[in-house]
Structure formats: C-alpha cells, structure tokens
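Visitor: Sharing a structure, written as structure tokens. Questions coming.
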Amino acid sequence: MSFIGLALLLFLQQYPPQDLLTFITAENLKRHIAVLADDSLQGRAPSTPGDQKATGYIVSEMKRIGLTPAGENGGYLQTVPIVGSMVDPGTVFRFSNGERSMALAYSTEFVAMPGAHEPLVDVKNIPVVFVGYGIVAPEQRWDDYKDVDVSGKMIVMLNNDPGGDDPGFFGGKGRTYYGRWTYKYEIAAKKGALGAIVVHTTLSAGYPYRVIQNSFSTQTFDLDQGNETGSLRIKAWTTEEATKKYLRLAGYDLDSLCALAEQRSFRPIVLPLQFSTTMRSSVRKLQTNNIIGRLQGSDPSLSDQYIIFSAHYDHFGIGRAVNGDSIYNGALDNASGTSLMLNLAEAFASSKEKPRRSLLFAAVAAEEQGLLGSSYFASHPTVPVQKIIANLNTDVMNVIGRTSDISCQGSDRSSLGNDLATVAGEMDMVVKPDQAPEQGGFYRSDHFSFAKVGIPSMSIGGGGNFLDVDTAFVRKMHEEQGQSYHQPGDELKEYWNYSGGLQQAELIIKLVWRIGNIIEMPYWNKGNEFETVRKSSMRSIESL
C-alpha cells in the first residue's frame with residue numbers, strides 16, 4: 001500500500017461508518033429500560049428472583065445481538081460470590097459514660113452491618129475513640145491514628161477528607177478515595193478496630209441520610225472472599241443528630257471535633273464512653289452474576305486487546321415503603337445505563353465495519369452494595385487485565401435533552417480525556433471538569449474498580465447546558481432526580497427526553513472508534529495515582 005493509501009486508511013479509521021452512528025433509536029433506549037425497571041423484576045436486588053430475571057433478559061439480548069460469550073466456562077455469566085446480611089431492626093446501639101447511658105434506634109438514628117459476616121455480635125462496654133477523618137496518607141504527611149492503639153475498640157470517624165483550596169492537598173475541594181466510606185472501613189480493619197462508625201451529614205456525604213437508610217432497609221451485601229474482613233465486626237453510620245447526642249454524653253461538641261480533625265497535628269481522642277450492642281443478623285452465602293459478551297475486532301494484530309464497557313444492572317429490590325411504594329425499580333439508576341450499553345453493543349455488532357480492537361460488554365452486579373460485581377471482575381478478569389486498554393462506564397443516561405457540554409468522571413486523569421475532547425469538539429460540545437468534585441463521584445461507580453487495577457477508565461456523564469429544552473422542564477427533572485435517587489420513585493417516566501441519550505451514544509461510538517483503531521494505547525496522565533499500577537501490570541506481561 002502506498003503512503004497516500006495508508007494515510008487515507010488511517011484518516012477514515014478515525015470516523016465511524018454512518019450505519020453505526022444512526023442505528024440507535026429512542027424507542028430502543030426506552031425498550032430495555034421498560035423491561036429492566038418493570039415491577040415484575042422487583043428492583044433487581046442481588047440474588048433475588050428479580051436479579052435472575054434481569055440476568056436472563058440480558059443474556060438473551062446478548063445472544064440476539066450476536067455477542068459471543070466472555071464469562072466463565074464458555075458462557076456469558078461470571079459467578080460473583082456474595083454474603084447477604086440483614087440486621088434485626090430491633091437492634092440498639094448503647095453509649096454510656098459510667099453514670100448515664102443512651103440508646104440509638106436502628107434505621108432512624110443508625111444503620112449497621114456485620115463486617116465479619118457474623119450472625120451475632122454481642123459486645124459490652126467497649127472503649128470509644130474519635131479518629132478524626134480516619135485517614136492514613138503518608139504522601140500527605142497525614143495520620144489520624146498516630147501511635148494510638150485502637151485494636152478492639154469502637155472508632156468514630158468523619159465522612160469525606162480534610163478540606164482546603166490546594167488541589168494537591170487531598171484533592172482540594174474535591175474528594176479523594178480517602179474520603180470514601182469504603183476506605184474508612186478498610187483502614188479501620190487494618191488498624192484492628194472492633195467496629196467503625198462513619199458520621200453522616202448531608203454536606204459531607206453529598207446525599208441525605210434517607211439514601212443510606214433505604215440502602216440498609218433490605219439485605220446488605222459483601223463479597224464472599226473466603227477470609228473475613230480483619231477484626232472489623234461492625235460497620236455503621238450514625239446520623240448527624242444522633243452523633244451529637246452521644247458526643248454530648250461524652251462532654252464533646254461535634255463542630256469542635258470537626259475543627260480539630262482538620263489539623264495535621266490531630267491525635268485520636270479517647271472518649272469517656274463505652275459502647276454496647278447485641279446485634280443479631282441473618283447471614284447467608286449467596287451468589288449473583290456478571291454478564292459479559294464479546295465482539296471480535298477486525299484487525300488480527302489488535303483484536304486480542306479490548307475496550308470494556310460496563311454498566312451495573314442491579315438496584316435495591318424491595319425495601320422500606322415510601323408513599324405506599326416499596327419497589328426500588330432503579331429505572332434511571334441504572335436500567336438506563338444498561339440499556340445504553342446494550343444499544344451500543346447492538347449498534348457495533350450490526351455495523352458492516354468493526355473497530356480494529358475487540359469490545360467487551362459487561363453488565364455488572366451489586367454496584368449499589370459497594371461496586372462488588374466490577375471489583376470481582378477486576379480481580380478475576382475473564383481476559384488478561386493487561387489486554388484491557390480502557391473502560392467506559394455508563395451509569396445513568398441523560399433523559400433531559402441534548403447539551404452543548406459534557407462532564408465525564410475521570411476525563412482529567414488519562415489520555416482518554418484528550419480523545420474525549422477531540423470527539424466532543426467535532427460535535428460542538430465542550431468538555432467540562434467534574435461539576436461536584438466534593439462528592440467524589442470518580443470513586444462511586446464501577447469504572448473505579450477497573451482503575452484500581454490500572455485500566456484507564458472513565459464514566460460517561462452528562463452536561464448542564466441544555467439545548468432546545470424548556471428551563472422549567474430541566475428544573476423539574478433535576479428536582480425529580482434528586483428526590484428519587486435510591487428511592488422507589490426512580491421509575492420509568494413517559495415524558496423522558498431521549499435526545500440526550502442519543503447524543504451520549506453518538507459521542508461514545510465516536511470515542512470508541514477512535515481509541516479502538518489508533519495504535520497507541522490509552523495511558524494514565526503522569527503522576528496519576530493509578531499510573532504505577534498500570535506500568536507494573538504491563539511490565540509483567542512483557543516479561544512472559
């Protein structure tokens with residue numbers, strides 16, 4: 001082939017064929033949502049009949065589309081072993097100072113789960129220690145534990161991480177992984193604590209307490225990894241008001257403790273309190289499934305490399321009734337993202353031309369329980385993790401309307417952001433940074449599981465500057481989505497506007513066509529927290 005011919009081929013490979021760009025319709029986006037969010041699936045909680053129905057539907061769609069199985073044992077499924085726990089709602093947390101005591105009521109003042117999967121946690125008069133933000137970050141010269149021994153104790157810690165305007169200090173106004181509740185329980189277990197309480201405030205969490213309350217109104221789940229979670233026997237949250245009550249019993253003020261916790265010199269404070277509880281739970285070993293299909297790339301020299309799409313298909317099942325409705329349908333979160341992924345799979349499969357690299361489509365389980373399905377896949381990949389060049393996650397589709405801008409979690413962390421900016425520019429869209437960095441969105445969806453093992457990852461978000469959409473409708477949708485987040489009200493609405501979802505689909509197709517065809521693999525930006533993991537991973541495969 002001549003130089004001009006090669007140049008023309010490379011030029012054409014940057015732009016997807018027209019049949020691929022026009023394949024997806026609003027009707028098909030709605031169709032999958034209507035099935036997955038129907039009451040008959042009962043909210044798709046892990047390891048329930050609704051979960052099994054959702055799994056069967058997604059498998060049947062992958063077969064119809066023409067994806068080849070990419071799960072375990074030649075099938076579409078990857079078994080995800082989990083443990084389900086349900087705490088007795090009559091459980092109380094009791095705090096005493098030797099003279100007086102007080103009890104907190106389950107659900108309204110605290111929620112909890114047995115960290116070590118025990119059916120009975122019976123503890124009496126355990127010392128209580130306030131550990132600030134509960135963070136150990138050597139690179140920030142920050143240690144909230146210092147040399148204080150918290151083994152066997154109940155620790156209390158603040159949500160989020162220390163504040164400030166310096167982006168180099170715990171992300172400035174943004175949240176880092178140190179601010180996530182998952183990290184806080186992890187470090188508490190490493191430190192040998194008996195239990196850990198995270199203090200909930202709407203400001204620090206980014207969502208009201210009812211979101212947590214509803215999450216714990218049904219079974220809670222954890223991965224069954226064969227070994228229990230260290231010595232951490234209780235994982236709990238207490239409300240802001242409940243926290244103030246037991247701190248007052250100890251002679252402390254929450255605001256004053258928060259101020260102390262902002263200082264690098266902070267040392268753990270042993271509170272003059274004892275903690276007691278008898279927490280009974282039903283504990284069951286269960287399983288759910290990731291569902292994975294493959295579309296083979298067109299270039300034999302690159303088709304052993306993969307772009308993996310992810311979208312979680314689970315929600316909270318049947319839980320605490322709100323306005324007489326107890327089914328948490330999860331239409332927007334995340335039947336919509338699953339529908340977008342399935343439509344993308346069908347579009348690519350139906351196109352006469354395919355990207356040079358192969359595509360994986362993974363409907364992952366139990367995201368709402370702590371990214372369990374994607375975490376399991378990341379640690380038990382069905383293709384070599386070094387061969388996965390990028391992850392694109394779809395969690396909540398734009399059902400408001402087309403925008404002139406877009407904000408994607410992780411776009412500022414890897415070269416995927418450069419590719420996104422190029423594609424968005426061609427669509428007359430502007431890429432904006434995370435509009436709510438204080439909520440730590442990068443660490444709250446499945447792309448984070450892939451990032452942790454070094455795969456450049458990004459979650460496809462939406463925009464804020466809507467085109468040809470009435471401002472009253474935009475305001476109504478934002479209010480509705482805020483009120484229905486993790487609530488029974490997250491149901492399919494007939495007035496949803498799918499033009500925004502179609503715009504997202506077009507952008508993703510163009511992005512995938514770009515990174516699926518160019519020779520250079522995506523990479524983390526220099527100095528990014530996941531750069532070292534990826535380089536180590538790539539060196540390991542090069543040495544084989």
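Visitor: Return one number: the angle in degrees, 0 to 90 and rounded to the nearest 10, between the long axis of the Cα atoms of helix 49-65 and the longest principal axis of the Cα atoms of the chain.
Guide: For helix 49-65, the angle is close to 20 degrees.
Visitor: Something else: Order of 341, 477 from fewest to most other C-beta atoms within 10 Å?
Guide: Numbers: 341 28, 477 20.
Ascending number of Cβ neighbours within 10 Å: 477, 341.
Visitor: Would you count, across the range 85-282, every pair of lysines whose alpha carbons are under 21 angstrom apart, provided the pair is eight or more residues apart or spans two chains?
Guide: Here the count comes out as 20.
Visitor: Where the only charges are on Cβ atoms (+1 Lys, Arg; -1 Asp, Glu), what is the dipole of the range 85-282 about its Cα centre, to the nearest 20 debye? Walk me through the numbers before you get to the answer.
Guide: Numbers: 21 positive and 22 negative charges, 52 e Å.
Roughly 260 debye for the range 85-282.
Visitor: Let me ask something additional. Straight-line reach from residue 493: which lysines have a Cα under 20 Å away, not including same-chain ones fewer than 8 places off?
Guide: Cross-link targets: 30, 476.
Visitor: Would you list 291, 509 from fewest to most Cβ contacts within 10 Å? Don't skip to the end; give the middle numbers.
Guide: Working: 291 27, 509 22.
With the sparsest Cβ surroundings first, the list reads 509, 291.
Visitor: Mind checking the dipole of the range 1-146: about its Cα centre, +1 per Lys or Arg Cβ, -1 per Asp or Glu Cβ, Debye to the nearest 20?
Guide: Numbers: 11 positive and 15 negative charges, 30 e Å.
The calculation lands at about 140 debye.
Visitor: Cα convex hull of the chain: mean projected area in nm², to one decimal? Walk me through the numbers on the way to the answer.
Guide: Details: hull surface 103.7 nm².
The directionally averaged projection comes out at 25.9 nm².
Visitor: Next question. If I fit a long axis through the Cα atoms of helix 471-484 and take the longest principal axis of the Cα atoms of the chain, what angle between them do I get, 0 to 90°, rounded to 10?
Guide: Result, in degrees: 50.
Visitor: Before rounding to the nearest 500, sum -39500 (n - 2.57) across all DSSP H runs of length at least 4 in the chain and divide by the residue total; then give [θ] at 222 nm in deg cm²/dmol. Before the final figure, lay out each step's value.
Guide: Details: 16 runs with 163 residues, N = 544.
Computed mean residue ellipticity for the chain: -9000 deg cm²/dmol.
Visitor: Among 466, 509, 499, whose Cα sits farthest toward the positive end of the charge dipole of the range 448-515 (+1 at Cβ of Lys/Arg, -1 at Cβ of Asp/Glu, about the Cα centre)?
Guide: 509
Visitor: Turning to a different aspect of this structure: In what sequence, highest mean first, do 178-186, 83-91, 330-338 appear when ranked by Cβ atoms within 10 angstrom?
Guide: Working: 178-186: 21.1, 83-91: 17.3, 330-338: 28.6.
The densest-packed peptide leads the list: 330-338, 178-186, 83-91.
Visitor: Then there's this: Sorting check: for 144-155, 400-411, which peptide has the highest mean count of neighbouring beta carbons within 10 Å, and how do the rest follow? Spell out each step's value before the answer.
Guide: Details: 144-155: 17.7, 400-411: 22.1.
Highest mean packing first, the order is 400-411, 144-155.
Visitor: State the answer as a single residue: which of 83, 489, 518 lies farthest towards the positive end of the charge dipole of the chain, with beta carbon charges of +1 for Lys and Arg and -1 for Asp and Glu, about the Cα centre.
Guide: It is 83, whose Cα lies furthest towards the positive end.
Visitor: Order these by the 10 Å Cβ neighbour count, fewest first: 27, 241. Don't jump to the answer; show the numbers that get you there.
Guide: Values: 27 8, 241 13.
So the residues, fewest neighbours to most, are 27, 241.
Visitor: Here's a follow-up. Rounded to the nearest 20 Debye, what is the dipole magnitude of the chain about its Cα centre when Lys and Arg each give +1 and Asp and Glu each give -1 at the C-beta?
Guide: I would put it at about 960 debye.
Visitor: Please give the helix 240-249 orientation as an angle from the longest Cα principal axis of the chain, in degrees from 0 to 90, rounded to the nearest 10.
Guide: Long axis of 240-249 versus the principal axis of the chain: about 20 degrees.
Visitor: Right, another one. Which order do peptides 436-442, 492-498, 97-103 fall in by mean Cβ count within 10 Å, highest first? Don't jump to the answer; show the numbers that get you there.
Guide: On the way: 436-442: 19.9, 492-498: 16.0, 97-103: 11.7.
Packing proxy ranking, top to bottom: 436-442, 492-498, 97-103.
Visitor: Just going by the charge dipole of the range 1-157, with Lys and Arg at +1 and Asp and Glu at -1 on Cβ, which of 33, 129, 46 is farthest out on the positive end?
Guide: 33
Visitor: For the range 85-282, what log10 I(q)/I(0) values come out of the Debye formula at q = 0.15 1/Å, with one point per alpha carbon and no solvent?
Guide: -0.89
Visitor: In addition: Given C-alpha coordinates of the range 354-411, what is the ratio Rg to Rh with the Kirkwood estimate of Rh? Write down the numbers at each step before the final one.
Guide: Details: Rg = 14.3 Å, Rh = 14.1 Å.
Checking Rg against Rh, the ratio lands at 1.02.
Visitor: Using the Cα gyration tensor of the range 224-284, with a ≥ b ≥ c the square roots of its eigenvalues, what is the shape: rounded (a/c below 1.5), prolate (a/b larger than b/c) or oblate (neither)? Display every interim value, and only then the final one.
Guide: Working: a/c = 2.58, a/b = 1.69, b/c = 1.52.
The shape class here is prolate.
Any read-out appearing in this document is the output of simple, stated calculations on the displayed coordinates, not a laboratory observation. Values in this document were obtained by computation on a predicted structure and should not be read as measured data. Don't worry about glycine lacking a Cβ; one is built from the backbone with ideal geometry, like all the others, and counts go over all protein chains shown.
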